[in-house]
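Below: the structure, in structure tokens.
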């Protein structure tokens, strides 16, 4: 059974959403760990995008703050590698296709697999 499916074994799941890098990656790591310790079944990590038009104003602002702070996809991959040393609940990325395609879809997906992203 997949880790994501396991998160829903009780019929519902508490999913925490965190924009990576807002206000910085250290705070993101601390928030992920606290969410996991406090009952999150799954964590959705937002990869910032420069034109988040499908988001509301709160997530748009978080994306822009993270990007202005120097967050990159590679830095987020490194963050997840480090989180996987002690965070075992499922983690998924929320991002735009532009991010995946500009990174290179095969490389993006294989890196997700390697670092332990579940979806």
> Which one of these does residue 4 not meet: (1) under 14 Å from residue 119 (Cα atoms); (2) modelled with pLDDT of 95 or more?
Replying inline: (2)
> Quick check, is residue 100 exposed (fewer than 14 other Cβ atoms within 10 Å of the Cβ) and in a helix (DSSP H, G or I)?
Replying inline: no
>> Restricting to the range 64-87, count the residues that are out of contact with any helix residue (DSSP H, G or I) (no Cβ under 8 Å at 6 or more places or on another chain) and not in a helix (DSSP H, G or I).
In response: 4
> Among the residues of the range 86-97, how many are crowded, with 17+ Cβ neighbours inside 10 Å and over 20 Å from residue 62 (Cβ atoms)?
Replying inline: 3
> For the range 100-119, which residues satisfy the criterion of being more than 19 Å from residue 82 (Cβ to Cβ) and touching a strand residue (DSSP E or B) at 6+ places or on another chain (Cβ under 6 Å)?
Replying inline: 119
>> When you scan the range 1-13, do you find a residue that is within 25 Å of residue 105 (Cβ to Cβ) and under 12 Å from the mean Cα position of the chain (by Cα), even just one?
In response: no
> How do the pairs read when you match residues in the range 88-104 that are within 24 Å of residue 15 (Cα to Cα) with residues anywhere that are part of a helix (DSSP H, G or I) and at pLDDT below 95, using Cβ under 8 Å and keeping only pairs 6 or more apart or on different chains?
Replying inline: 89/3; 89/7; 90/3; 90/4; 90/6; 90/7; 92/4
>> Out of 36, 13, 31, 40, I need the residue that is more than 21 Å from residue 103 (Cα to Cα), part of a helix (DSSP H, G or I) and in contact with a strand residue (DSSP E or B) (Cβ under 6 Å, 6 or more places away or on another chain). Which one?
In response: 31
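The values are calculated or read from the model by the stated rules, or taken from the named source; none is laboratory data. Just so you know, these numbers come straight off a predicted model, no measurement behind them. FYI the Cβ positions are ideal-geometry reconstructions off the backbone, even for glycines, and counts take in every protein chain you see.
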